[in-house]
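Since the structure comes first, as structure tokens, the remarks are kept for the end.
The values are calculated or read from the model by the stated rules, or taken from the named source; none is laboratory data. A quick note: this is a predicted structure, and the numbers were derived from the prediction, not measured. All Cβ positions, even for glycine, are placed from backbone atoms using ideal geometry, and neighbour counts span all protein chains on display. Ligands, DNA and RNA are excluded from the accessible area calculation, which covers all protein heavy atoms including side chains. Shrake-Rupley method; radii C 1.70, N 1.55, O 1.52, S 1.80 Å.
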There are 2 protein chains.
Amino acid sequence: MSPSANFKRQTVAATLADALRERILNQELEEGSALRQDALASEFGVSRIPVREALLQLEGEGLVVQVAHKGYTVSVLSCDDIRELFDLRALLEVDLLRRALPRMTDEVIAKAWSIVETFDDRLKHKAEEVNWGVLNWQLHSTLYAPAGREQTMRMLQSLHRSADRYLRMQLKIAQRSNDRARSEHARLVALCEQRDGVEATRLLNEHILTARDELLDFLITRTNGSNGVDDKSKDDRQFR
Amino acid sequence: MSPSANFKRQTVAATLADALRERILNQELEEGSALRQDALASEFGVSRIPVREALLQLEGEGLVVQVAHKGYTVSVLSCDDIRELFDLRALLEVDLLRRALPRMTDEVIAKAWSIVETFDDRLKHKAEEVNWGVLNWQLHSTLYAPAGREQTMRMLQSLHRSADRYLRMQLKIAQRSNDRARSEHARLVALCEQRDGVEATRLLNEHILTARDELLDFLITRTNGSNGVDDKSKDDRQFR
DNA sequence: GTTTTGGATATTGTATATAATATACGGATG
DNA sequence: CATCCGTATATTATATACAATATCCAAAAC
């Protein structure tokens, strides 16, 4: 097994799904914009079949929306949708943490600490915000893994990705939120280390709901400014 | 608009997804069995493309599982998975009901009562159990709709469908569970009518967790008998 | 002037054909 | 006898070709 052997076990459709997901999360593809199968196919040098299958997968993740015979558009979340997203996260994650804590080994704690350190390193080196969401998911999923709840984790990862799309907007601007999140992460891992379930779940809940409120504040101010999250206005720019 | 005009606005792939979903839910397609694209295509008289797209959608719903270059199989849920399914339902549904209750109109209550009556009618006429799950979802979704939580509802419907597959096994045999569910439904709607949030959510939680325990008991006894839910044994019958 | 209607164009949906990958089997080799 | 390897077969994955549907625009009708 040569170490560099990066055999593409994946299918083209799966690779495309990854590429398109990243584009959606980093705003390269704006919310509401139409995804033309032909254009994507020729751009990636493939046929439309794997493009369609990639889009179908992304639809399952809630990142795109399909209308039969009209096509796919990047999904648009209203402020209410975003609020629901974070409320759901809080509900699921608190439950996961509560179940995980009794089974949490020292190895898990150690891994969590190392991810928290990575956050700090990243901040020091002014690294791009690209993988903030990935790191965040790594930390959270590490803490929840001992719960042994695979289905919940799959659902939650979708929610994290959807949330990530909007968090990235905010993180580009609001360094404060970033700092707060990092310090809360450290406190959270510390509480887990002490096996203080009550305080850990309480902090986690606050952590998520505070992120929710800060994000909504950010989005509302920006929307009032001018562009941004469609606040209910049914714009028709999704189809040419 | 002629009343009988049943224009197929749907796509073939969507129709196939519906057909296959029903087959999975009613055990016509056993858990773990392989889904051969060619066979399905020729059976339905279509090409393999819409078959693949239908399977992709079902994968998003958790009803089938794909392995690249090997194919799709009907997903197999372990007892732990089923337990998780119902725990998740309880978590989400209690939250939904709590949010829905303050906004619940008399119309919603009336609709809920009518569905409860339909349950009773169905029982009297010894109707087939086919649409038990549909009715159950109608009742529950009616009660939760005022919460205005579309994303949660989509996720929950998937969970209900997955659960339905196993509940159907049980309902064929255990009339007792059926009776209990119906009486609990009536009590639940009554509590909603009185706007007794505390008792309603408590009953709902119990309702779901009792169903969970009865189902697990049923599955475990049946498994010990002989066939049934694969209790962790990694059988290899999914691919020829 | 507004609405309607027809067809031209763009785009999606499905069928057929080809390529890639996995599985099964049998024979060669030690 | 066990193991390895190559080939035949089955099945999936993708490309290309065709059909169905939607959108747009201009001309006709009122």
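Shortest first, A:Gln194 label-point distances to identical copies amount to 4.3 nm, with the label point at 7 Å from Cα along Cα→Cβ. Could you state the angle between the C-alpha long axis of helix B:106-124 and the longest principal axis of the C-alpha atoms of chain B, as a value from 0 to 90 degrees rounded to the nearest 10? On a 0 to 90 degree scale, this one is about 60.
A drop of at least 50 square angstrom in accessible area, chain alone versus all protein chains together, probe 1.4 Å. Which residues of region B:139-174 meet that? For region B:139-174, once contacts with the other chains are taken into account, B:Arg149, B:Gln151, B:Met155 lose 50 Å² or more. Sorted shortest first, the distances from the B:Asp179 label point to those of the same residue in the other copies are 6.6 nm; each point sits 7 Å from Cα along Cα-to-Cβ. Spatial offset of region A:11-53 relative to region B:34-69 amounts to 21 Å, using the alpha carbon center of each. Using a simple spin-label model with pseudo-atoms 7 Å out from Cα toward Cβ, A:Gln157 and A:Glu206 lie 3.1 nm apart. How high is the relative contact order of chain A, in percent, with contacts defined as C-alpha pairs under 8 Å that are six or more residues apart? Across chain A, relative contact order equals 26 percent. Computed on protein heavy atoms with a 1.4 Å probe, the accessible areas place B:Val108, A:Val64 in the order B:Val108, A:Val64, largest first.
At a 1.4 Å probe radius, which order do A:Cys79, A:Cys192 fall into by accessible area, largest first?
Numbers: A:Cys79 30, A:Cys192 0 Å².
Largest accessible area first, the residues go A:Cys79, A:Cys192.
Shape of the protein assembly as shown from its Cα gyration tensor (a ≥ b ≥ c, root eigenvalues): rounded if a/c is under 1.5, otherwise prolate when a/b > b/c, or oblate? In terms of gyration-tensor shape, rounded. Treating the angle as unsigned and between 0 and 90°, give the value, to the nearest 10°, between the Cα long axis of helix A:175-193 and the longest Cα principal axis of chain A. Compared with the principal axis, the helix lies near 50 degrees. Specify the inter-centroid distance of region B:146-204 and region A:174-214, based on alpha-carbon positions, in whole Å. One Cα centre to the other: 34 Å.
With the whole protein complex present, B:Arg83 retains an accessible surface near 90 Å², based on a 1.4 Å probe. For chain A, the longest principal axis of the Cα atoms and the long axis of helix A:48-60 meet at an angle of about 40 degrees. In the complete set of protein chains, residue-level accessible area for B:Ser75 is approximately 10 Å², probe 1.4 angstrom.
Computed over chain B with a Gaussian network model linking Cα atoms closer than 10 Å, the most mobile of B:Ala100, B:Ala112, B:Ala19 is B:Ala19.
In chain B, what is the count of Lys pairs whose alpha carbons are under 25 Å apart, counting only pairs at least 8 residues apart or on separate chains? Intermediate values should be presented prior to the final figure.
Working: B:Lys70/B:Lys232; B:Lys70/B:Lys234; B:Lys111/B:Lys124; B:Lys111/B:Lys126; B:Lys124/B:Lys172; B:Lys126/B:Lys172; B:Lys172/B:Lys232.
Lysine pairs satisfying the spacing and distance rule in chain B number 7.
The chain A residue nearest the rotation axis shared with chain B, using its Cβ and rounding the distance to whole Å, is A:Gly60, 1. Across the options A:Val94, A:Tyr72, A:Leu215, the greatest Cα extent toward the positive end of the charge dipole of chain A (unit charges at beta carbon of Lys, Arg, Asp, Glu) belongs to A:Tyr72. The solvent-accessible area of B:Trp137, taken with every protein chain present and a 1.4 Å probe, is close to 40 Å².
Take A:Arg103, push a point 7 Å out from Cα through the beta-carbon direction, and compare it with the same point in every other copy: 3.6 nm, smallest first.
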